[in-house]
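Asks: Provided herewith is a single structure, encoded as structure tokens, for subsequent inquiry.
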Protein chains: 4
Amino acid sequence: MIIVMEPNATEENIQTMDRLLQEQGYQTILNRGDVLTVIAAIGDKNTVVPKSLSAMPGVKEIVPIQDPYKRASRITHPEDTVIEFQNGVKLGGNSPLCVMAGPCSVEEDIESLLIVARGVKEAGATFLRGGAFKPRTSPYDFQGLGEEGLKRLAQAREETGLLVVTEVLDSQDVDLVARYADMLQIGARNMQNYKLLNAVGQQNKPVLLKRGLSATIKEFLLAAEYIMVQGNPNVALCERGIRSFDTGFTRNVLDLAAVPVIQKRCHLPVVVDPSHGTGHRYLVAPMAKAATVCGANGLMIEVHPDPDRAWSDGQQTLTIPAFQALMTELDALYKFRVTSDQL
Amino acid sequence: MIIVMEPNATEENIQTMDRLLQEQGYQTILNRGDVLTVIAAIGDKNTVVPKSLSAMPGVKEIVPIQDPYKRASRITHPEDTVIEFQNGVKLGGNSPLCVMAGPCSVEEDIESLLIVARGVKEAGATFLRGGAFKPRTSPYDFQGLGEEGLKRLAQAREETGLLVVTEVLDSQDVDLVARYADMLQIGARNMQNYKLLNAVGQQNKPVLLKRGLSATIKEFLLAAEYIMVQGNPNVALCERGIRSFDTGFTRNVLDLAAVPVIQKRCHLPVVVDPSHGTGHRYLVAPMAKAATVCGANGLMIEVHPDPDRAWSDGQQTLTIPAFQALMTELDALYKFRVTSDQL
Amino acid sequence: MIIVMEPNATEENIQTMDRLLQEQGYQTILNRGDVLTVIAAIGDKNTVVPKSLSAMPGVKEIVPIQDPYKRASRITHPEDTVIEFQNGVKLGGNSPLCVMAGPCSVEEDIESLLIVARGVKEAGATFLRGGAFKPRTSPYDFQGLGEEGLKRLAQAREETGLLVVTEVLDSQDVDLVARYADMLQIGARNMQNYKLLNAVGQQNKPVLLKRGLSATIKEFLLAAEYIMVQGNPNVALCERGIRSFDTGFTRNVLDLAAVPVIQKRCHLPVVVDPSHGTGHRYLVAPMAKAATVCGANGLMIEVHPDPDRAWSDGQQTLTIPAFQALMTELDALYKFRVTSDQL
Amino acid sequence: MIIVMEPNATEENIQTMDRLLQEQGYQTILNRGDVLTVIAAIGDKNTVVPKSLSAMPGVKEIVPIQDPYKRASRITHPEDTVIEFQNGVKLGGNSPLCVMAGPCSVEEDIESLLIVARGVKEAGATFLRGGAFKPRTSPYDFQGLGEEGLKRLAQAREETGLLVVTEVLDSQDVDLVARYADMLQIGARNMQNYKLLNAVGQQNKPVLLKRGLSATIKEFLLAAEYIMVQGNPNVALCERGIRSFDTGFTRNVLDLAAVPVIQKRCHLPVVVDPSHGTGHRYLVAPMAKAATVCGANGLMIEVHPDPDRAWSDGQQTLTIPAFQALMTELDALYKFRVTSDQL
């Protein structure tokens, strides 16, 4: 890292800082300019700036010089990661657009789930999504069917051949969910639940990591790094809207530029969720199309046979025919997409 | 508007509110429920909720029931507005994608401006953009060439046939800028400079209104309403990125969902500026493509013959060949765009 | 709740909505106005608006009419909650200002912890704070000493008589942490980790719940409700700064108005953390003083014998003498504070 | 400034950058490390980083090394600025707390204005505030009485001896407003209206500059710099709440930490507006007290004889007796405030 000392830093300030850095294992180079002195500290193995350094007398600014994420960084892994699932479906790189579709929550009526599963499969989706464990802002909202919901998802997989992606909320549930799911989803509220990240990093199912509501992209990549450090390289990153000052017409602001921003720096696949990212049904198709052309490797879309009676998120859920029409359009658009080598 | 009274509001609270509303010219209907009382106040001509009402004793909540923007609203004007310029170029509705391109600032070297103008014209742009009056965060930054810059833009128009769009910063400069420009741009920092909005509303050149850095879409539409109320119906709305908590990798967050959100509620053309919206050259093409498919009627893009030596914003500026390559892609994508009747 | 129908809603839209509401167990009252129709739906036991309702044809807006938090609401519990600890210390209402102080992380050197504990005790603190399990943005940062850290905290308690407050990161660790701590802290990143909220709600130690980085106050109160619904009434709410667009000079924006906003609506004690809330040492005293006069029941402050060598957060940590000087000032200010009955 | 080159920057990249810097008038020092090369560019007179530099091949990061504001900076002007008004009232440094109070808008009824003026004068205010030109989000809202309003303010000054502070919205109105007012207010929406900043910088009445809704503190100080560069050193900075994601219970988030943050870096007086900063009457006193102890030099508070009938902002306006009670409390608190030399 680079330590820029204040113009009025004393010789003692400079010497103290230099000594402290050496104590912490850095090799230092002093560059004394006519205006100010800059200390380059070499050897920052873990890329972390000890915050206390910047409170030392005479310090103007400290600039880290390496990305704090290593395994997720494209510098250390230039080619795109492609996650392969057991049935041959692939996510990432130049694989076909991978669409994950289904109801917000798995509901009691299994027939309804099967109808969705068949409908989205027919339209070209490769994953069935659906929540068995639901994180809800209010304790009085429906919290999901739990294991019962997982069983229904597995039944739909058997019948349709779709893969299953579903959310796990707690480190204690990882084994349970991993028995049923093909891909474990970490929700936005849990993006910095580090025990949970560690737990999904220690099992071998791929992970779909959703961006926290107010997570910076750097924090998002570091959350992926938590999973990867534990040994699981199969992480996909899902942009699903961030919190902004304007909640008048959309639930969140879908940050589509995050797709190329991440793909420039990180080799992992990127998925976009236009349902949560906007919160409104009429915005799902426009944003799904936009996400596809700007380079998303996958999409996650809420579909329900009768959205107005869905147990949650009906407002942002497509009907099956609307989903099928959208898939046809996405198919035509996919060849126009930005690929990571163009960034 | 609907006034919802608190469950514990007294009869006196209710009567006082009812009387006050009638004094202010509303017709009222009381709906006394078993839990609470709701007063419907009919006749809110100007759609404004007097804020003081909500501080009256016993009031729980006040809900306006009409859009506060009237002229900008699609309810009162269902068909898309198409702005026609004197040379036949159109912006809005089903007109071709209208691309405005050019340097951030008009610089001293006229030859450089002509090179850009010819380059973007050849690639299919219909407008030359370029700042003669520059709003800059620091008083020590280059503030633009002023009228000298306007003359250069006019010269480039004569040579190329491109239309000119350029920013006006102050009500005193409206006449001056309108003498040279075909379209007057109101910048993000001035979106709520109401004297300036009034001034551009009172002249007859079309206006490109940029969204304020932290303006809600409702405020954005109300700013357009200011211009329209003065008699100028030719306003285009430009999404150019909003301020967020994450400035690590992008200058702003480009809110592409604003395109269909606005088009559902408002008949005016929508333009997207992926240069300011992202702040980075490598993000311009991905976001321009995404904006096109989600329904933008126009794009505003910074182009310079040698961006690394541009006087401002070089970091987010395309070279001429990069712009030409992008235009070819946009041309192929335009037919896949979402149109306002699909929302 | 109140359902406001669109002016152009058809009779069929109105009838469908009315029927659907009745199917869901509501009693309905139709109020047909000359401009629009309003439906009042009575009987919303769980205060949740089914989101799908607002996507029904003809619906303009839906307004819930009761607070979604019940146990946390001052309406159902008008008097201030005062949490009593076994040694007689109290938090909330008119109890003395309750100050929680100590290092960011518990470090290896026990002597250093004891020095802080004695120093803050002498200055009038009643709680020792310190992290044994540390949530860190990067997996390469120091993650805390774990149970070893808890033991050191317990040792400091024995020696000084201070109570111990420390963070629990995961539902699996609740029993462990509860064995050592007098108060369990839920960190900002876990404010919506519902399994963890449930787990701390099912044990009987008081809980200090920190506000999420971008949590609204409503979400914050609903997170408290999660804990209370499980049977634990002893929850204190900690404002610790929210994420904003400006990270130039502070880590977060400390939302001090949240103190009276919460106290008007909720009977639980409110604690303010000016260390995390600002991220800078020189801002801790000004913000601690401001928090005290606007009504905080407690403060959480980072103190270390040698902040420049602290393992984490040294930049925002006070020295022991600085903390002692601050406590003297707070003591003089406390009598000027705003109390909940003044709101 | 410091240019940090990428680890994989080529020798040509380094040489090109070095040459470009020298062309732009910098003296350069190359510091070639074993990991990367750092170029120090000396002589950045105007403290601006040409943005295009960071888009040059091989550049990792560019760090400016001087504050971009010079006249506003405490480095160049260590002692507090104290603004003196003709009647001996002072704002800044160790002068008494300077309170500006009055209605949001000047209304037709002059008697009502005189009642407020007498009431706030008696309570210890030294300034009468009131809008004659009102910036309103909607063109259909009351826009102020204009010069008629200014005359009423002047009349109230004559009768009470209070100073007058009122907003100017446009560069064309500066002379007019300066004829009547003792201090010119620049509103939040105009903080980056640079023509207006220049215009108030060229006249000699002191200026109260309000922070923009989403302005960073750096941008705020640069806006003050605009005024000062034109020759007017008498600028006070007013924190009045910033835009955040949570609008459930407050209009804005009042960023009180901005008070000490600014006072550490800038010598100008700081004023806090708890009325606009919160938007609710019951929050004005708590936040006014908090602002006072954390070091504000002044307060701006909305007061009206009958807030529920005020033409604007009644919801956040105090009655005269409530204001008088608050002033008594502030008087007791002022001696406990943080002063700039403690930061």
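The values are calculated or read from the model by the stated rules, or taken from the named source; none is laboratory data. Source: prediction; values computed, not measured. Using ideal geometry, Cβ is built from the backbone for each residue, glycine included, and neighbour counts are taken over all protein chains shown.
Quick grid of which residues meet (1) in contact (Cβ under 8 Å) with a residue 24 or more places away in the chain; (2) within 22 Å of D:Lys90 (Cα to Cα):
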residue	(1), (2)
D:Gln230	yes, no
D:Asp246	no, no
D:Val259	yes, yes
D:Val270	yes, yes
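Asks: Let me ask you something else. Out of everything in the stretch A:44-69 that is within 15 Å of A:Gln22 (Cα to Cα) and within 30 Å of the chain's Cα centre (by Cα), what residue ends up being modelled with the lowest pLDDT?
Replies: Taking the candidates together, the pick is A:Lys45.
Asks: For the stretch D:133-160, how many residues are at the interface with chain B (Cβ under 10 Å from one of its Cβ atoms) and out of contact with any strand residue (DSSP E or B) (no Cβ under 7 Å at 6 or more places or on another chain)?
Replies: So the first thing to find is which residues in the stretch D:133-160 are at the interface with chain B (Cβ under 10 Å from one of its Cβ atoms), and the list is D:133-143.
Those still in the list that are out of contact with any strand residue (DSSP E or B) (no Cβ under 7 Å at 6 or more places or on another chain) too: D:135-141, D:143.
Final tally of qualifying residues: 8.
Asks: Here is a further query. Residues in the stretch A:261-293 that are more than 10 Å from chain B (Cβ to nearest Cβ) and under 16 Å from the mean Cα position of the chain (by Cα): how many?
Replies: Number of matching residues: 10.
Asks: Moving to a separate point now. Please tell me if D:Thr250 is in contact with a His (Cβ under 7 Å, 6 or more places away or on another chain) and either of a type in the set (Ser, Thr, Tyr) or farther than 28 Å from D:Ala322 by Cα (or both). Don't jump to the end; show me each part of the working.
Replies: Numbers: in contact with a His (Cβ under 7 Å, 6 or more places away or on another chain): yes; either of a type in the set (Ser, Thr, Tyr) or farther than 28 Å from D:Ala322 by Cα (or both): yes.
Yes: the conditions hold for D:Thr250.
Asks: Across the stretch D:217-233, what is the total count of residues that are under 13 Å from C:Asp246 (Cβ atoms) and in contact with a Gly (Cβ under 9 Å, 6 or more places away or on another chain)?
Replies: 4
Asks: Considering every residue within the stretch C:146-156, establish whether at least one is surrounded by fewer than 23 Cβ atoms within 10 Å (Cβ to Cβ), without any contact (Cβ under 8 Å) to a residue 24 or more places away in the chain and closer than 24 Å to C:Leu330 by Cβ.
Replies: Scanning the stretch C:146-156, I find no residue that is surrounded by fewer than 23 Cβ atoms within 10 Å (Cβ to Cβ), without any contact (Cβ under 8 Å) to a residue 24 or more places away in the chain and closer than 24 Å to C:Leu330 by Cβ, so the answer is no.
Asks: Another one. Contact list please: Cβ distance under 6 Å, first residue in the stretch C:120-139 and assigned by TED's automatic domain parsing to the domain that holds C:Asp173 and among the basic types (Lys, Arg), second residue assigned to a loop (DSSP other than H, G, I, E, B) and crowded, with 22+ Cβ neighbours inside 10 Å, pairs at least six apart or on different chains.
Replies: Qualifying pairs under 6 Å: C:Lys121/C:Leu162; C:Lys134/C:Gly144.
Asks: For the stretch D:273-304, name all the residues that are basic (Lys, Arg) and either touching a strand residue (DSSP E or B) at 6+ places or on another chain (Cβ under 7 Å) or closer than 18 Å to D:Gly131 by Cβ (or both).
Replies: Looking only at the stretch D:273-304, we keep the residues that are basic (Lys, Arg), and these are D:281, D:289.
The answer is D:Arg281, and nothing else.
Asks: Out of C:Leu209, C:Leu221, which single residue is in contact with a Cys (Cβ under 9 Å, 6 or more places away or on another chain), within 14 Å of chain A (Cβ to nearest Cβ) and closer than 18 Å to A:Asn193 by Cα? Walk me through how you get there before you give the answer.
Replies: Details: C:Leu221 fails: closer than 18 Å to A:Asn193 by Cα.
Result of the check over C:Leu209, C:Leu221: C:Leu209.
Asks: Moving to a separate point now. Does the stretch D:247-256 contain at least one residue that is closer than 23 Å to C:His276 by Cβ, within 14 Å of chain B (Cβ to nearest Cβ) and in a helix (DSSP H, G or I)?
Replies: No, the stretch D:247-256 contains no residue that is closer than 23 Å to C:His276 by Cβ, within 14 Å of chain B (Cβ to nearest Cβ) and in a helix (DSSP H, G or I).
Asks: If you don't mind, there's one more thing I want to ask. Checking the structure you have, find out if any residue of the stretch A:292-304 is hydroxyl-bearing (Ser, Thr, Tyr), closer than 21 Å to A:Ser105 by Cβ, in the same structural domain as A:Thr319 (by TED's automatic domain parsing) and in contact with a helix residue (DSSP H, G or I) (Cβ under 7 Å, 6 or more places away or on another chain).
Replies: Taking the stretch A:292-304 first, the residues hydroxyl-bearing (Ser, Thr, Tyr) are A:292.
In the following step, the residues that additionally are closer than 21 Å to A:Ser105 by Cβ were identified as none.
Checked the stretch A:292-304: no residue is hydroxyl-bearing (Ser, Thr, Tyr), closer than 21 Å to A:Ser105 by Cβ, in the same structural domain as A:Thr319 (by TED's automatic domain parsing) and in contact with a helix residue (DSSP H, G or I) (Cβ under 7 Å, 6 or more places away or on another chain).
Asks: Of everything in the stretch C:161-211 that's touching a strand residue (DSSP E or B) at 6+ places or on another chain (Cβ under 6 Å) and in a loop (DSSP other than H, G, I, E, B), which residue is surrounded by the fewest Cβ atoms within 10 Å (Cβ to Cβ)?
Replies: Of everything passing the filter in the stretch C:161-211, C:Lys205 is surrounded by the fewest Cβ atoms within 10 Å (Cβ to Cβ).
Asks: Could you tell me which of the residues C:Ala332, C:Ala296 is more than 11 Å from chain A (Cβ to nearest Cβ), out of contact with any Pro (no Cβ under 8 Å at 6 or more places or on another chain), outside any helix (DSSP H, G or I) and small (Gly, Ala, Ser)? Spell out how you get there, then give the answer.
Replies: Working: C:Ala332 fails: outside any helix (DSSP H, G or I).
Of C:Ala332, C:Ala296, the one residue that is more than 11 Å from chain A (Cβ to nearest Cβ), out of contact with any Pro (no Cβ under 8 Å at 6 or more places or on another chain), outside any helix (DSSP H, G or I) and small (Gly, Ala, Ser) is C:Ala296.
Asks: Let me ask something else about it. So which residues in the stretch A:232-241 are over 12 Å from the mean Cα position of the chain (by Cα) and without any contact (Cβ under 8 Å) to a residue 40 or more places away in the chain?
Replies: If the condition is that a residue be over 12 Å from the mean Cα position of the chain (by Cα) and without any contact (Cβ under 8 Å) to a residue 40 or more places away in the chain, then A:Asn232 is the only one that fits.
Asks: Filter the stretch C:224-246 down to the residues that are of a type in the set (A, V, I, L, M, F, W, C) and within 20 Å of B:Ser214 (Cβ to Cβ), then identify the one that is farthest from the other protein chains (Cβ to nearest Cβ). Break it down stepwise before answering.
Replies: So in the stretch C:224-246, the residues of a type in the set (A, V, I, L, M, F, W, C) come out as C:224, C:227-229, C:235-238, C:242, C:245.
Applying the additional criterion that residues be within 20 Å of B:Ser214 (Cβ to Cβ) yields C:242, C:245.
Numbers: C:Ile242: 7, C:Phe245: 5 Å.
Only one residue tops the list, namely C:Ile242.
Asks: Condition first: outside any loop (DSSP other than H, G, I, E, B) and either within 24 Å of the chain's Cα centre (by Cα) or over 17 Å from B:Asn190 (Cβ atoms) (or both). Can you find one or more residues in the stretch B:140-147 that meet it?
Replies: In the first step, residues of the stretch B:140-147 are kept if they are outside any loop (DSSP other than H, G, I, E, B); the result is B:147.
From the residues that got through so far, the ones that are either within 24 Å of the chain's Cα centre (by Cα) or over 17 Å from B:Asn190 (Cβ atoms) (or both) too are B:147.
Within the stretch B:140-147, one or more residues are outside any loop (DSSP other than H, G, I, E, B) and either within 24 Å of the chain's Cα centre (by Cα) or over 17 Å from B:Asn190 (Cβ atoms) (or both).
Asks: Quick check on A:Cys98: is it at pLDDT below 95 and crowded, with 22+ Cβ neighbours inside 10 Å? First the steps, then the outcome.
Replies: On the way: at pLDDT below 95: no; crowded, with 22+ Cβ neighbours inside 10 Å: yes.
No; evaluated as a whole, the condition is false for this residue.
Asks: Ok, one more. When you scan the stretch D:248-257, how many residues do you find that are closer than 26 Å to D:Val89 by Cβ and surrounded by fewer than 24 Cβ atoms within 10 Å (Cβ to Cβ)?
Replies: Of the stretch D:248-257, the ones closer than 26 Å to D:Val89 by Cβ are D:254, D:256.
Next cut, surrounded by fewer than 24 Cβ atoms within 10 Å (Cβ to Cβ) only: none.
Total meeting the criteria: 0.
Asks: May I ask you to verify whether A:Arg337 is more than 22 Å from A:Ala117 (Cα to Cα) and surrounded by fewer than 24 Cβ atoms within 10 Å (Cβ to Cβ)? Spell out how you get there, then give the answer.
Replies: On the way: more than 22 Å from A:Ala117 (Cα to Cα): yes; surrounded by fewer than 24 Cβ atoms within 10 Å (Cβ to Cβ): yes.
Considered against the rule, which asks whether it is more than 22 Å from A:Ala117 (Cα to Cα) and surrounded by fewer than 24 Cβ atoms within 10 Å (Cβ to Cβ), A:Arg337 comes out as yes.
Asks: Would it be correct to say that A:Thr317 is more than 7 Å from every other protein chain (Cβ to nearest Cβ) and either under 19 Å from B:Glu239 (Cα atoms) or surrounded by 24 or more Cβ atoms within 10 Å (Cβ to Cβ) (or both)?
Replies: On the way: more than 7 Å from every other protein chain (Cβ to nearest Cβ): yes; either under 19 Å from B:Glu239 (Cα atoms) or surrounded by 24 or more Cβ atoms within 10 Å (Cβ to Cβ) (or both): yes.
Judged against the criteria, A:Thr317 is a match.
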